[in-house]
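The values are calculated or read from the model by the stated rules, or taken from the named source; none is laboratory data. For clarity, every value in this text was computed on a predicted model and none was experimentally measured. All Cβ positions, glycine included, derive from the backbone under ideal geometry; neighbour counts span all protein chains shown.
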Amino acid sequence: MKKQRIDREGIRTEQRGASFAKELLHWNRYENNRKMPWKAEKDPYKIWLSEVILQQTRVAQGLPYYQRFVESYPSVADLARADEQHILRSWQGLGYYTRARNLHKCAKAVVAVHKGRFPDTSEELLKLPGIGTYTAAAIASFAFNERIPVVDGNVFRVLSRIFGIDVPINSPQGKEVFSELARRLIPARRPDLHNQAMMEFGATHCTPLSPQCSVCPFIASCVAFNQDLVNVLPVKNPAKKSRNRYFYYLVVEKDDSFLMKRRAEKDIWQGLFDFVLIEKTLAVKPEAIIADQAYRKWFERAMNIEVSKPYKHILTHQTIHCRFIRVKAVASLSLAEEGLSFYSRKQIADLPKPVLITRFLEEQSTV
């Protein structure tokens, strides 16, 4: 690929840096009209909430969750005191539930170690559970004006196109190259505004599929535009191949209650509630599950057995293929599996559940 490369000594970057920052801030002030509640926010707690919620999440989807968390847990101390099950319930539908658990752990650490005040440097913020390089930089820059670049996917894209960098953005080398370039570009005065503008420019102007190149303030100097590489950059290494998993849920009903358990294993949906799960390495017919002697106790004295339609649930690196086998039990069950309990419809409505389980229950008008 014919391209402009970063000058390792930083000469070209330093020469362009001042004008780049000036043009970017001008665009952000006069042309960027996107309104979001966390823009210009200086409260480190709210900045932290917004950044964690928006990881792997679109703004339109994350906004109501952010508003709900701020309303339910107005301060980091309120979040630290909350029950984890309530936090997971508030998080339900966002996915990547490790974020919610780390959110709780971090809140407790801020209260216990820092007396309810977030550290004011990225170095100290990195010591908190669940806070990585990106989140630490965002809090330090936006709340405390630390001169540190905040590099997310939008920033990768802007820098790759304008400076013509074809190093894969998801490679170790790519992260190093882009972070160094972003560091050189950031001004000493109001680094928070610069970082916000960079992220906004990528999110609303230099977008992945339909960038507004014809009205771009960097059209004259953008390598990607001038070398017809807009649809090529940024470069990304192929994603990890998704694997298929085959779930067969036994929805055991007795006296208008359903048998459920809290997922404790280190797997997807840890800490959420689901039904009795039978997982197979390959797809099988539900009738084979029902006829299998290994699962006889669930079906031998059932009054009624119903098999759902197939469900498909796509996660980042795996696809869940699922069938629900609804069993109406008429006899007492020996609950050999630890953690299984019957829950009423009202109780189930309040339990934190995977989206797949919620979808089934809503379609069945169960809760």
> Hey, any hits in region 317-334 for a residue that's closer than 30 Å to residue 161 by Cβ and either surrounded by 15 or more Cβ atoms within 10 Å (Cβ to Cβ) or within 32 Å of the chain's Cα centre (by Cα) (or both)?
Replying inline: yes
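In this structure, does residue 111 turn out to be closer than 30 Å to residue 359 by Cα, among the aliphatic types (A, V, I, L, M) and surrounded by fewer than 21 Cβ atoms within 10 Å (Cβ to Cβ)?
Details: closer than 30 Å to residue 359 by Cα: no; among the aliphatic types (A, V, I, L, M): yes; surrounded by fewer than 21 Cβ atoms within 10 Å (Cβ to Cβ): yes.
For residue 111, the condition - closer than 30 Å to residue 359 by Cα, among the aliphatic types (A, V, I, L, M) and surrounded by fewer than 21 Cβ atoms within 10 Å (Cβ to Cβ) - is not met.
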> Here are some conditions: (1) assigned to a loop (DSSP other than H, G, I, E, B); (2) crowded, with 19+ Cβ neighbours inside 10 Å. Residue 137 meets all but one. Which one does it not meet?
Replying inline: (1)
> Within region 206-219, is even one residue touching a residue at least 40 places away in the same chain (Cβ under 8 Å), closer than 14 Å to residue 152 by Cβ and surrounded by 21 or more Cβ atoms within 10 Å (Cβ to Cβ)?
Replying inline: yes
> Is it the case that some residue within region 151-164 is hydrophobic (A, V, I, L, M, F, W, C), free of Cβ contacts under 8 Å to residues at least 12 places away in the same chain and assigned to a loop (DSSP other than H, G, I, E, B)?
Replying inline: no
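With respect to residue 261, is the statement that it is surrounded by 12 or more Cβ atoms within 10 Å (Cβ to Cβ), among the basic types (Lys, Arg), part of a loop (DSSP other than H, G, I, E, B) and under 25 Å from the mean Cα position of the chain (by Cα) true?
Numbers: surrounded by 12 or more Cβ atoms within 10 Å (Cβ to Cβ): yes; among the basic types (Lys, Arg): yes; part of a loop (DSSP other than H, G, I, E, B): no; under 25 Å from the mean Cα position of the chain (by Cα): yes.
No, not satisfied.
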> Within region 24-47, is there a residue that is in contact with an Asp or Glu (Cβ under 9 Å, 6 or more places away or on another chain), surrounded by 15 or more Cβ atoms within 10 Å (Cβ to Cβ), under 17 Å from residue 143 (Cα atoms) and modelled with pLDDT of 90 or more?
Replying inline: yes
> What number goes with the only condition from (1) modelled with pLDDT under 80; (2) on the phi < 0 side of the Ramachandran plot that residue 88 does not pass?
Replying inline: (1)
>> Pairs please, first residue from region 90-110 and closer than 10 Å to residue 76 by Cα and in the same structural domain as residue 75 (by TED's automatic domain parsing), second anywhere and of a type in the set (Asp, Glu) and surrounded by fewer than 17 Cβ atoms within 10 Å (Cβ to Cβ), Cβ atoms under 6 Å, 6+ apart in sequence or on different chains.
In response: 104/84
> residue 119 is checked against (1) surrounded by 18 or more Cβ atoms within 10 Å (Cβ to Cβ); (2) in contact (Cβ under 8 Å) with a residue 12 or more places away in the chain and fails just one. What number does that condition carry?
Replying inline: (2)
